[in-house]
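Structure first, then comments.
Every number in this text was worked out from the coordinates using simple rules, so none of it is lab data. Remember, it's a predicted structure, so these values are computed and weren't measured experimentally. Cβ placement follows ideal geometry from the backbone for every residue including glycine, while neighbour counts extend to all protein chains displayed.
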Amino acid sequence: MSEGSVRILVVNPNTTASMTALIGEHARTAAGPGVLVDAVNPDTGPVSVESHVDEAMAVPGVLREISAGEHAGYDGYVIACFGDPGLLAARELARGPVVGIAETAMRAAGYLGRSFSVVTTLSRTIGHAWDIARRYGLADLCTGVHACEIPVVELETDPEVRHTITETCRAALRDDGSDVIVLGCAGMADLRDDISMRLGVPVVDGVTTATVTVESLVRLGLRTSKRGELATPPVKDHAGLPSTASW
């Protein structure tokens, strides 16, 4: 594949533009030479994804951005929210690979140690993080999920965020006996290197990991299988919503 031919679209499922900018910045730092990375967020949906309702409300916007990316000719996609909202539906719509940050971060952590701990935002998301680990077959590697109790939108404004998350990671390593930390929110992407240096263990951020994963799959010429479940969905009308023919 020639230089400059890989185009990746990173979709932040929430509508907070400042977080999208941070996500895009860190995704671009991870991408290889000649890779174009754009970061977008939907125009409608929750300002942050911190509940099952938030996640359900975010999915239509994610799918619209994936559909727009297909029309624009992107080669692959990152869904930049730790719940991986709409991941399978996005894979139905896209020809190229679609990677969620939770799946790729957990899989990468499994390459780096015998076990990992997840550090997320609020306690109410802990059960969902465990569900995700089980869904991907990685629950045996996950020794704990811990919350720093900082809401997503406050990751950009809380002056104690770096200290609080670092100390939550330190406690997770101690209590779980784990080898690796997985950061459980796209808004934590800028903390990875600092926490790793302070704690002396690998810290995996899903935004950068997913970006590199998508780039690698595209360069290998691999696309989403369209045989069976992830085949392009049938065109049909949805009451009160745009027809899938317009996607």
query = Along the charge dipole of the range 53-173, which of Ala68, Met106, Gly83 sits closest to the positive end, that is, farthest toward it, with unit charges on the beta carbon of Lys, Arg, Asp and Glu (+1, +1, -1, -1)?
reply = Met106
query = For the range 102-205, taking Cα atoms only, what is the radius of gyration to one decimal and the Dmax to the nearest whole Å?
reply = 12.3, 36
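Per the helix-only calculation at 222 nm, which mean residue ellipticity applies to the chain, given -39500 (n - 2.57) for every DSSP H run of n ≥ 4 and division by its residues, nearest 500 deg cm²/dmol?
-13000 deg cm²/dmol
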request  = Order by neighbour count: Leu93, Leu230, Leu183, fewest other Cβ atoms within 10 Å first, most last.
outcome  = Leu230, Leu93, Leu183
inquiry  = What does the extension gain come out to for Trp130 and Asp38, with contour length at 0.36 nm per residue minus their alpha carbon separation?
reply    = 30.1 nm
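Hey, what did the chain get for relative contact order, percent, Cα under 8 Å, at least 6 apart? Working shown, then result.
Details: 510 pairs, mean separation 56.2, N = 247.
It comes to 23 percent, rounded to a whole number.
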Helix 161-176 axis, angle to the chain major axis (alpha carbon atoms, nearest 10°) = 70 degrees
query = Under a point-charge model restricted to the Cβ atoms of Lys and Arg (+1) and Asp and Glu (-1), what is the dipole moment magnitude of the chain relative to its Cα centre, in debye to the nearest 20?
reply = 860 debye
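To the nearest 0.05, how large is the calculated FRET efficiency for Leu222 and Glu160 if R₀ is 45 Å and r is the Cβ-Cβ distance?
Details: r = 42 Å, r/R0 = 0.94.
The computed FRET efficiency comes out at 0.60.
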